[in-house]
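Reading through the structure tokens given below for one structure.
The values are calculated or read from the model by the stated rules, or taken from the named source; none is laboratory data. If you're wondering where the values come from, they're calculated on a predicted model, not measured in any experiment. Cβ placement follows ideal geometry from the backbone for every residue including glycine, while neighbour counts extend to all protein chains displayed.
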Amino acid sequence: MVATPVKQKKYTAAEYLELEEKAEFKSEFFDGEIIPMAGASANHNKIVLNLCRLLPLEIGGQEYEVFMSDMRLWIPSKQHYTYPDVTVVRGEPIYVDSPKQTMLTNPCLIIEVTSASTESYDKSNKFDFYRSIPEFEEYILIDQKSYKATQWTRLADGRWILADHYGEDHILQLESIDFEISFKDLYKRVMFETAEK
């Protein structure tokens, strides 16, 4: 959902936030650049909605907050504002802009639904930005064109392990929270493109 920057002018974070308040469409902010976000496909929206509908708000007495793509994430060490597709916070959310509560800083889990235009960015730069968040433990990339998900999980020693998941009958087991979802539920009502004969 990210396009190339449209302007060369460098902005401050305060200028970006002021412009974003008035903007009709969302943009990300990185190192002084404002990066417009493209609209999401029907498949993208269905996958995000399926996830958010099923993610639990309490597990074993531990409370979680689940946010969709309108919640802005601030990554101070990278001077980056972004809008993850799904963000999960364990316990109390920490907002940069309390009491407005529009900018988070402490997710334990981030899930992105990829497209052809965002997959490379989601796997490289964006993952690098997310890894600088102390509370961040797990990153999931979900393909919207096939039954596929890529999962990165942080180990206790700080290393990250990678697992790829494929197939309509697969069950995705999350590590940062006690939750699993079948691909049949995750991809419910999603229509994959079929190759023309």
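Okay, here's what the table says:
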| item | result |
| --- | --- |
| Any hit, region 40-58, residues being within 14 Å of residue 102 (Cα to Cα), out of contact with any Pro (no Cβ under 9 Å at 6 or more places or on another chain) and hydroxyl-bearing (Ser, Thr, Tyr) | no |
| Selection count, region 150-167, where residues are farther than 20 Å from residue 87 by Cα, touching a Phe, Trp or Tyr at 6+ places or on another chain (Cβ under 9 Å) and either at pLDDT below 95 or basic (Lys, Arg) (or both) | 0 |
| Which numbered condition residue 109 fails, given (1) loosely packed, with under 14 Cβ neighbours inside 10 Å; (2) in contact (Cβ under 8 Å) with a residue 24 or more places away in the chain | (1) |
| Number of the exception - residue 197 against (1) at pLDDT below 95; (2) of a type in the set (Lys, Arg); (3) surrounded by fewer than 17 Cβ atoms within 10 Å (Cβ to Cβ); (4) closer than 28 Å to residue 29 by Cα | (4) |
| Filter result (assigned to a strand (DSSP E or B) and free of Cβ contacts under 8 Å to residues at least 60 places away in the same chain) within region 35-72 | 35, 36, 37, 58, 62, 63, 65, 66, 67, 68, 72 |
| Candidate set: region 33-88, residues that are of a type in the set (S, T, N, Q) and within 17 Å of residue 109 (Cβ to Cβ); chosen: the one farthest from the chain's Cα centre (by Cα) | 62 |
| Pairs with Cβ under 6 Å, 6+ apart, first in region 163-187 and small (Gly, Ala, Ser), second crowded, with 17+ Cβ neighbours inside 10 Å and assigned to a loop (DSSP other than H, G, I, E, B) | 167/147; 176/108; 176/137 |
| Criterion (of a type in the set (Ser, Thr, Tyr), loosely packed, with under 14 Cβ neighbours inside 10 Å, under 17 Å from the mean Cα position of the chain (by Cα) and part of a loop (DSSP other than H, G, I, E, B)) met by exactly one of 98, 132 | 132 |
| Hits in region 154-187 (condition: polar (S, T, N, Q) and in a strand (DSSP E or B)) | 173, 182 |
